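The values are calculated or read from the model by the stated rules, or taken from the named source; none is laboratory data. This one's a predicted model, so the numbers in the text were calculated from it and none came from an experiment. All Cβ positions, glycine included, derive from the backbone under ideal geometry; neighbour counts span all protein chains shown. Please note that ligands, DNA and RNA were not included when accessible areas were found on the heavy atoms of the full protein model with its side chains. Shrake-Rupley method; radii C 1.70, N 1.55, O 1.52, S 1.80 Å.
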Amino acid sequence: MRIYKSRFECEDTVHLEFCVNKKQVFFTLNSEVMGLAYDIAKLDKSVTSLGISLPEIAKSQYLRKCLIDEIVLTNQIEGVV
């Protein structure tokens with residue numbers, strides 16, 4: 001409980017608006033997490049740039065494939081034949 005309290009009260013802690021087992025959910029930002037978030041942001045920017053450069057037909061086909069894959073996966077989970 002001591003570790004929980006020290007992390008909960010840390011100035012780098014972000015408190016969320018819900019509870020689990022009657023305890024408020026939180027996470028503590030640290031250099032590792034911030035580094036990973038930065039890497040994700042850079043990758044997201046690269047992917048966005050690539051997406052912008054694609055022809056419209058490629059974007060359309062990709063979106064259609066994603067939608068079909070999602071429907072198939074959902075049907076498998078729900079047991080739909």
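Suppose the filter is in contact with a helix residue (DSSP H, G or I) (Cβ under 9 Å, 6 or more places away or on another chain), surrounded by fewer than 11 Cβ atoms within 10 Å (Cβ to Cβ) and of a type in the set (D, E, K, R); does LYS23 pass it?
So LYS23 fits the description; yes.
Somewhere in the stretch 54-64, is a residue under 18 Å from the mean Cα position of the chain (by Cα) and surrounded by 10 or more Cβ atoms within 10 Å (Cβ to Cβ)? Don't jump to the end; show me each part of the working.
Within the stretch 54-64, the subset under 18 Å from the mean Cα position of the chain (by Cα) is none.
No.
Exactly one of these conditions fails for PHE27: (1) modelled with pLDDT under 95; (2) assigned to a helix (DSSP H, G or I). Give me its number.
The one condition PHE27 does not meet is (2).
Looking at the stretch 9-17, can you tell me whether even one residue there is acidic (Asp, Glu), in a loop (DSSP other than H, G, I, E, B), on the phi < 0 side of the Ramachandran plot and open to solvent by less than 80 Å² (accessible area, probe 1.4 Å)?
The answer is yes, given that some residue of the stretch 9-17 is acidic (Asp, Glu), in a loop (DSSP other than H, G, I, E, B), on the phi < 0 side of the Ramachandran plot and open to solvent by less than 80 Å² (accessible area, probe 1.4 Å).
Anything in the stretch 65-81 that is more than 24 Å from VAL47 (Cα to Cα) and either open to solvent by less than 80 Å² (accessible area, probe 1.4 Å) or touching a Cys at 6+ places or on another chain (Cβ under 8 Å) (or both)? List them, or say none.
Selection gives VAL72, THR74, ASN75, GLY79, VAL80.
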